[in-house]
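Below you'll find the structure, written out as structure tokens, and then a few comments.
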Amino acid sequence: MALAVGLYYYPPNTIVDHIGVENSYLTVFSIAAFGGLSSLTSGIFYAAVVTFSSGGANPWLLGVVGGIGISIGDSIIFGLFSYGLQNVRRSWKDKVERIRSYVDYYPNRIVYTTLFLILGFSPLPNDIVMFALVTLGFQYLKIAPILVLSGITITTVTALLGESFTSYFF
């Protein structure tokens, strides 16, 4: 909460000067890994990335660091959902099988490309997508590369947009 208030009241260059450029990368990584793109904290993550890129941090490095952090956070969520849904799946079996047969109809490259586009370019919270992937029985090792690439993509795009908006707002 304090981070959100600070991002609102202080201009980006002041925040980056106070925190330091190197620490801004650590901050983005921490927010991404432990709060990332969940339903409750995605706004704070996006605001932090935009603020740090506007304040002078390298948007490409923010993208890589933040994207790796997001993939770690998503992996943790995937694991927690996998553990928690072991017993719930039985009661949803008919609905899940119907959706799974719909997904299985398409070739893997289309399914995984669509997954990358959803995670890499939409502001949809990733925990909702992780829940769907676990429920549908996706294997973690098959989606792990997509988690990393899509996390890097969305963070880099956000950072580049934040850097480009600097001249308009500050």
Kirkwood Rh and Cα Rg combined as Rg over Rh, evaluated for the stretch 56-170: 1.07
In nm, give the distance between the simple-model label positions of V103 and L80, each being 7 Å from the Cα along the Cα-to-Cβ direction. 2.0
Taking the number of other C-beta atoms within 10 Å as the exposure measure, put S164, S53, S75, S24 in order starting with the fewest. S164, S75, S24, S53
Note, the stretch 139-153: 3J(HN,Hα) by Karplus (6.51, -1.76, 1.60, θ = phi - 60°), whole Hz, Gly/Pro = x, goes 8, 4, 4, 7, 9, 4, x, 5, 4, 5, 5, 5, x, 5, 4
Report the full-extension gain for the segment L136 to F121: residue separation times 0.36 nm, less the Cα-Cα distance, to one decimal in nm. 3.2 nm
In whole Hz and in residue order, list the ³J(HN,Hα) couplings for the stretch 103-120 that follow from phi through the Karplus curve 6.51 cos²θ - 1.76 cosθ + 1.60, θ = phi - 60°; x for Gly and Pro. 5, 5, 5, 8, x, 4, 5, 6, 4, 6, 5, 4, 4, 4, 5, 5, 6, x
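Quick note: the coordinates plus some simple rules give every number you see, no bench work behind them. Predicted model, so just to flag it, every value in this text is computed and none were measured. Don't worry about glycine lacking a Cβ; one is built from the backbone with ideal geometry, like all the others, and counts go over all protein chains shown.
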